[in-house]
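> For reference, the structure I am asking about is given below.
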Amino acid sequence: MSIAKNLTKIKSQLPPHVTLVAVSKTKPVADLMEAYSSGQRVFGENKIQEMTEKWEQMPKDIEWHMIGHVQTNKVKFMAEYVSLIHGVDSLKLLQEINKQAKKHNRTIDCLLQIHIAEEETKFGLDELELNEILTQVYEQCEAKQVQNDKSEFENIRIAGLMGMATFTENQNQIEKEFNHLKTLFDKINQLSIINYQLSILSMGMSGDYQLAISCGSTMVRIGSSIFGNRNYQ
């Protein structure tokens with residue numbers, strides 16, 4: 001089946017409030033342009049260099065999402081154009097994103113990555129670390145507003161949370177992890193740690209996106225079901 005037909009099929013299954021991120025890592029620009037010609041405007045990459053090369057070649061109305069783990073020394077290479085960074089897992093990284101966004105007079109949206117999987121190899125914050133980061137960001141913004149000064153988080157916006165479930169066939173396990181993330185998401189919004197509502201809950205990929213949506217996801221990251229299997233050589 002073609003990329004265009006794959007996209008049409010997947011989009012027909014998504015509720016209106018769910019954003020589709022077409023995960024295009026390792027795929028050539030020609031494949032992305034086929035998706036673009038079919039109306040797709042949001043693409044996700046996990047390597048900044050590859051994403052930057054594609055951004056340089058492709059139309060400028062595309063939203064580029066960084067979905068992989070981010071090293072602080074690489075932020076500067078995408079700060080000019082990236083729309084959303086999914087995997088923010090430290091205060092230090094938030095500070096660097098803010099610093100680089102400021103150089104381009106931009107505000108960059110960020111998702112805080114929560115560790116919900118059983119696998120130790122996955123990145124992410126626990127609930128305590130999440131609350132600490134949100135509190136620090138908000139309190140500093142509040143203090144700077146009182147002083148009529150600039151906050152070190154003036155150029156970022158925490159837009160929501162992201163999480164990756166355990167790589168397993170056990171649907172009950174995956175559902176439990178997705179529900180845990182949704183509970184955290186709702187809790188943050190109810191507690192009003194920050195003075196606005198988080199709007200994005202990014203969870204669900206090709207193998208589990210329908211389950212993720214049923215658990216409350218508002219953004220799904222789908223690659224192989226659109227573009228086919230990847231070539232990592």
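The values are calculated or read from the model by the stated rules, or taken from the named source; none is laboratory data. All values reported here derive from a predicted model rather than from experimental measurement. Reconstructed Cβ throughout: ideal geometry from the backbone, glycine too, with neighbour counts over all protein chains shown.
> Between Gln57, Gln49, which is under 27 Å from Leu112 (Cβ atoms), exposed (fewer than 15 other Cβ atoms within 10 Å of the Cβ) and without any contact (Cβ under 8 Å) to a residue 60 or more places away in the chain? Step through it out loud before you land on a result.
Numbers: Gln57 fails: under 27 Å from Leu112 (Cβ atoms).
Of Gln57, Gln49, the one residue that is under 27 Å from Leu112 (Cβ atoms), exposed (fewer than 15 other Cβ atoms within 10 Å of the Cβ) and without any contact (Cβ under 8 Å) to a residue 60 or more places away in the chain is Gln49.
> Please go through the range 155-185 and pick out each residue that is over 24 Å from Ala22 (Cβ atoms), among the charged types (D, E, K, R) and either in contact with a Lys or Arg (Cβ under 7 Å, 6 or more places away or on another chain) or at pLDDT 95 or above (or both).
Those that are over 24 Å from Ala22 (Cβ atoms), among the charged types (D, E, K, R) and either in contact with a Lys or Arg (Cβ under 7 Å, 6 or more places away or on another chain) or at pLDDT 95 or above (or both): Glu175, Lys176.
> Give all pairs with beta carbons closer than 6 Å in which a residue from the range 212-223 that is under 11 Å from His17 (Cβ atoms) meets a residue that is among the charged types (D, E, K, R) and surrounded by fewer than 22 Cβ atoms within 10 Å (Cβ to Cβ); count only pairs at least 6 apart in sequence or on separate chains.
Gly216/Lys182
> Go through the residues of the range 128-139 one by one and say whether even a single one is in a loop (DSSP other than H, G, I, E, B) and either within 24 Å of Lys74 (Cβ to Cβ) or hydrophobic (A, V, I, L, M, F, W, C) (or both).
Initially, the range 128-139 is screened for residues in a loop (DSSP other than H, G, I, E, B), giving none.
Looking for residues that are in a loop (DSSP other than H, G, I, E, B) and either within 24 Å of Lys74 (Cβ to Cβ) or hydrophobic (A, V, I, L, M, F, W, C) (or both), one finds none in the range 128-139, hence no.
> Hey, another quick one. Could you go through the range 5-21 and let me know if any residue there is more than 16 Å from Ser206 (Cβ to Cβ), crowded, with 20+ Cβ neighbours inside 10 Å and at pLDDT 95 or above.
There is no residue in the range 5-21 that is more than 16 Å from Ser206 (Cβ to Cβ), crowded, with 20+ Cβ neighbours inside 10 Å and at pLDDT 95 or above.
> I'm told Val29 meets every condition in (1) hydrophobic (A, V, I, L, M, F, W, C); (2) crowded, with 20+ Cβ neighbours inside 10 Å; (3) in contact with a helix residue (DSSP H, G or I) (Cβ under 6 Å, 6 or more places away or on another chain) except one. Can you identify the failing condition by its number?
(2)
> What number of residues within the range 157-209 are aromatic (Phe, Trp, Tyr) and part of a helix (DSSP H, G or I)?
Counting residues in the range 157-209 that are aromatic (Phe, Trp, Tyr) and part of a helix (DSSP H, G or I) gives 3.
> Which one of these does Glu154 not meet: (1) part of a loop (DSSP other than H, G, I, E, B); (2) surrounded by 19 or more Cβ atoms within 10 Å (Cβ to Cβ)?
(2)
> Go through the range 80-122 and count every residue that is without any contact (Cβ under 8 Å) to a residue 60 or more places away in the chain, within 13 Å of Met66 (Cβ to Cβ) and touching an Asp or Glu at 6+ places or on another chain (Cβ under 6 Å).
Residues meeting the conditions: 2.
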